[in-house]
1. If the requirement is being in a strand (DSSP E or B) and at pLDDT below 85, which of these qualifies: E134, E127?
2. Looking only at region 117-164, which residues are over 20 Å from V34 (Cβ atoms), hydrophobic (A, V, I, L, M, F, W, C), touching a residue at least 60 places away in the same chain (Cβ under 8 Å) and touching a strand residue (DSSP E or B) at 6+ places or on another chain (Cβ under 6 Å)?
3. Looking only at region 97-116, which residues are farther than 17 Å from S141 by Cα and free of Cβ contacts under 8 Å to residues at least 40 places away in the same chain?
4. Name every residue in region 94-116 that is surrounded by 16 or more Cβ atoms within 10 Å (Cβ to Cβ) and either more than 21 Å from A35 (Cα to Cα) or hydroxyl-bearing (S, T, Y) (or both), in order of residue number.
5. Here are some conditions: (1) assigned to a helix (DSSP H, G or I); (2) within 19 Å of the chain's Cα centre (by Cα); (3) farther than 22 Å from K145 by Cα; (4) not small (G, A, S). P76 meets all but one. Which one does it not meet?
6. Of the conditions (1) of a type outside the set (K, R); (2) free of Cβ contacts under 8 Å to residues at least 24 places away in the same chain; (3) more than 17 Å from L123 (Cα to Cα), H85 satisfies every one except a single condition; which number is it?
7. Among D67, D50, D56, which is of a type in the set (D, E) and modelled with pLDDT of 95 or more?
8. Of these, G131, G113, which one is of a type in the set (G, A, S), more than 15 Å from the chain's Cα centre (by Cα) and more than 22 Å from A72 (Cβ to Cβ)?
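The values are calculated or read from the model by the stated rules, or taken from the named source; none is laboratory data. Quick caveat, the model's predicted, so the values are computed rather than measured. Methodologically, a virtual Cβ is constructed for each residue, glycine included, from the backbone with ideal geometry; neighbour enumeration extends over all protein chains shown.
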Amino acid sequence: MKKLLTIIPLVILLCFAFGCQQGEEVAEEPVVDVAAEKEAVLKVLEMTADAEKRQDADAAVEFFTDDVIVQAPDVPQIQGTQALHDLYTGFMFKMGYASFDSKSIETRVSPSGKMAYDVGWNLFVFEGPEGKIEVRGKYLSVLEKVNGEWKIAAIAFSNDQPAK
C-alpha cells in the first residue's frame, strides 16, 4: 500500500508535467507554388495600374474584392467597389495628372496561397501653369484569392510630402 501511495503522486506529477507542455511550433510548409502565385499577383497589380493609367475606373475596379477597403490620403476610409469607383472618377481622375507610374518593391505570398501583400512606390506627374509637379508616394496592397483569382482586398497609399 505504501508503494501505491508513492506511485500515485508520481503519476499525477508526470501527467501534469507532460500535459502542460507547449506543442512544438511547426513551420508552415508551402502548399502552392509560391513563386508562380507571386507572378500572378504582380500581373494583377500591373493590369490594375494599366487601367489607372488609362483612367478607366470600370476596368480598374474589376481587380478589387467587392468589399475592398481603401485608405487614400486626405479622405476618409472607404469600402466597396462602388465607393472606389466614385473615388477614381470623382477625385483621382479629376486631378488631371499627365502621367502615373508605380513599381512593386516587395511582394509576399502566404504558404497557403490564399493571401498576399505588395508594397511599392508611385509617382504622379501634373502639368500646371508653373510646369511639371511630381508627387511621389507609396502604397501597401493586400490581396486574397477569390474564386481562384487574385483580388485586391485592401489598399493604403500616401504621398511622401504634403500635397501642393
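1. On the way: E134 fails: at pLDDT below 85.
Being in a strand (DSSP E or B) and at pLDDT below 85 holds for just one of E134, E127, which is E127.
2. Selection gives A154, I155, A156, F157.
3. Listed by number, the residues that qualify are Y97, A98.
4. Passing the criteria: Y97, F100, S102, S104, T107, S110.
5. (1)
6. Unmet for H85, out of (1) of a type outside the set (K, R); (2) free of Cβ contacts under 8 Å to residues at least 24 places away in the same chain; (3) more than 17 Å from L123 (Cα to Cα): (2).
7. Numbers: D50 fails: modelled with pLDDT of 95 or more; D56 fails: modelled with pLDDT of 95 or more.
Checking each option against the conditions leaves just D67.
8. Working: G113 fails: more than 15 Å from the chain's Cα centre (by Cα).
Testing whether each residue is of a type in the set (G, A, S), more than 15 Å from the chain's Cα centre (by Cα) and more than 22 Å from A72 (Cβ to Cβ) leaves just G131.
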